[in-house]
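Please read the structure below before turning to the comments.
The values are calculated or read from the model by the stated rules, or taken from the named source; none is laboratory data. Remember, it's a predicted structure, so these values are computed and weren't measured experimentally. With ideal geometry, Cβ positions are generated from the backbone for all residues, glycine too; neighbour counts draw on all protein chains shown. Just so you know, the surface numbers come from the protein's heavy atoms only, side chains and all, with ligands and any DNA or RNA stripped out. Shrake-Rupley method; radii C 1.70, N 1.55, O 1.52, S 1.80 Å.
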Amino acid sequence: YIEFINLVCIRMQLKKQSIVTDKKKEFDTESFASMCKALGHPARVMIVNYLKKTDQCLCGDIVELLPLAQSTVSQHLKCLKEAGLIKVEVEGPTTCYCLDNVELEKFSRMVADLGLSQKFQRSKDKQ
């Protein structure tokens, strides 16, 4: 019995990183949670939204966009980078920030796989 429990625990740990949805797609729970956490702060949402609206990389000082200290903005950018939502490229003394559109699309698919987008749309339609 104990060996069976140990085997189940080992299998659960191996599958912790991803589960398969009924559409037979990989659902990376760790990546999804990281992206949700990164988007859990208004300043980071503002950064992602601005980069999305401009539809280009932002080179130069992104601090001017937000009413925050440079160290705070740097921490927000680091969080977004670690979650995979933005790419950072250093070109000499200039740092460029770009959305990682592949990762954003992946995030969008994961939200759709959870059915959250449909539930949100239905609740919006009722209002």
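Table for the structure above
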{"item": "Count of residues meeting criterion [free of Cβ contacts under 8 Å to residues at least 60 places away in the same chain and open to solvent by less than 40 Å² (accessible area, probe 1.4 Å)] in region 96-110", "result": "6"}
{"item": "Test: residue in region 39-56 that is surrounded by 15 or more Cβ atoms within 10 Å (Cβ to Cβ), farther than 25 Å from LEU114 by Cβ, at pLDDT below 85 and not acidic (Asp, Glu)", "result": "no"}
{"item": "Filter result for LEU51 (under 11 Å from ASP100 (Cα atoms) and in contact with a Cys (Cβ under 9 Å, 6 or more places away or on another chain))", "result": "yes"}
{"item": "Any hit, region 105-113, residues being modelled with pLDDT under 85, of a type outside the set (A, V, I, L, M) and touching a strand residue (DSSP E or B) at 6+ places or on another chain (Cβ under 8 Å)", "result": "yes"}
{"item": "Inter-residue pairs, beta-carbon under 6 Å, first small (Gly, Ala, Ser) and in region 32-58, second not in a loop (DSSP other than H, G, I, E, B), 6+ apart", "result": "ALA38/ARG44; ALA38/CYS79; ALA38/LEU80; ALA43/HIS76"}
{"item": "Any hit, region 90-100, residues being modelled with pLDDT under 90 and aliphatic (A, V, I, L, M)", "result": "yes"}
